[in-house]
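The structure appears below as structure tokens.
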Amino acid sequence: VKTSGKNGYQFFDPAFYGAMRQRKQRERELQAAIVENQFVMHYQVRVDAATQRVVSLEALVRWNHPVAGLLYPDEFIPLAEETGMIVQLGELVVDTVCAQIAAWGREGCAPVPVSINVSSRQFNERDMHALFLQSLERHGIPPERVEIELTESTMIRDPERTSERLQAMHALGIRLLVDDFGTGYSSLSMLQQLDFDLLKVDKSFTHRLGHDGQGEILFTAIITMAHALGMKVVAEGVERPEQADVLARLQCDELQGYYIASPLDAVGVQGEIRRRQAA
Ligand code: C2E
Ligand code: CA
Ligand code: CA
Ligand code: CA
């Protein structure tokens, strides 16, 4: 309902109520989007730093808004988190990704694992172990085909319960990744105890490479420690060839970023995988 025009409610602070109304409106739209499943997943390849072969795909959600068009996570994940709708949205994401993996399998595509982002609230409010198990079973997918990306803050909140759940998922064969590594407060020993397989070093570190010597020093330290603790390292946000070169020289295991490939839709990413396999 619009309150503009000469007979509008002049006693309101229009800017404030405008923002409130817009937020409420977005909230209703998001709820409807979940019911109608207006979401689409894009996939970005992660490659082996030495061979450039695709090792995994990261699933990234987009909202196909009926009026505004394709919206990126920054425009709706925070609202979904605040309202708790992230739990339902997360269930939708896991199921959509599993359905896509099954569809790719039927089409005869190469069996590349897919990693799924799980936010802190989502992980702490929903039994992720059960959710993944149900979705994997429903679509007939082996657990080795999925990975889960968690940020350090997720583990800090309730280490004991988080640890139990993560161990149960790991025991199934689901690989565990730490997202945005270096921006939170976890210790490497905690990450090893929780049996993480891979550290995704935050893009802010990657972007420092080439600008000053500090970026290289930080990567060297992270890679040495992660390897000593039995974890692989991926650099995210690789945008330039020099960054890829430095990272390969530092024995960084895997790379992800616009320089390698942008996130693509389900059809596009399979083209990208085939192109790389043929190369
Ligand atoms: P993230 O998990 O750190 O994902 C990486 C983000 O960096 C993606 O943004 C990706 O498109 C972008 N990116 C990829 N390569 C480059 C690069 O070379 N340079 C730069 N500057 N950026 C690059 P996107 O898709 O907008 O997603 C933003 C965030 O939204 C994600 O950050 C993640 O935290 C969250 N998100 C995305 N999908 C989901 C989801 O399905 N569930 C949940 N809970 N969160 C999600
Ligand atoms: Ca991620
Ligand atoms: Ca990240
Ligand atoms: Ca390990």
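Taking every DSSP beta bridge with both residues inside the chain, roughly what % is antiparallel (nearest 5)? Let's see the in-between values first.
Working: 15 of 37 bridges.
Around 40 percent antiparallel, to the nearest 5.
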Legend entry - Distance (nanometres) between label positions extended 7 Å along Cα→Cβ at Ile156 and Asp13: 3.2
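Please state the shape class of the chain: rounded when a/c is under 1.5, otherwise prolate if a/b exceeds b/c and oblate if not, all from the C-alpha gyration tensor.
Details: a/c = 1.61, a/b = 1.49, b/c = 1.08.
The shape class here is prolate.
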Inset, instruction - Report, in whole Å, the centroid distance computed from the Cα atoms of the range 134-179 and the range 16-37. - result: 31
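In deg cm²/dmol, rounded to 500, what helix-only [θ] at 222 nm does the chain give when every DSSP H run of at least 4 residues adds -39500 (n - 2.57) and the total is split over its residues? Working shown, then result.
Working: 12 runs with 139 residues, N = 279.
Roughly -15500 deg cm²/dmol at 222 nm, from the helical runs in the chain.
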Inset, instruction - Compute the acute angle (0 to 90°) between the alpha-carbon long axis of helix 213-228 and the principal axis of greatest extent of the alpha-carbon atoms of the chain; round to the nearest 10°. - result: 70
Legend entry - Between 0 and 90°, nearest 10: helix 128-139 axis offset from the chain longest Cα axis: 90
Legend entry - Set of aspartates and glutamates near Lys24 by C-alpha distance (under 13 Å), chain-local residues within fewer than 8 positions excluded: Glu82
Inset, instruction - Report, in whole Å, the centroid distance computed from the Cα atoms of the range 198-271 and the range 86-119. - result: 24
Legend entry - Angstrom value of the Kirkwood radius, inverse mean 1/r, which spans all Cα pairs in the range 18-86: 13.7
Legend entry - Using θ = phi - 60° and Karplus 6.51 cos²θ - 1.76 cosθ + 1.60, couplings along the range 48-54 (whole Hz; Gly, Pro as x): 5, 5, 7, 9, 6, 6, 6
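Sort the following peptides by mean Cβ neighbour count (other Cβ atoms within 10 Å, averaged over residues), highest first: 193-202, 121-130.
Numbers: 193-202: 20.3, 121-130: 17.7.
Descending mean neighbour count gives 193-202, 121-130.
Read-outs throughout are calculated quantities, based only on the coordinates presented, and are distinct from any laboratory measurement. Because the structure is predicted, anything quoted here is derived from the model rather than measured. Neighbour counts are summed over all protein chains in view; Cβ atoms, including those assigned to glycine, are modelled from backbone coordinates with ideal geometry.
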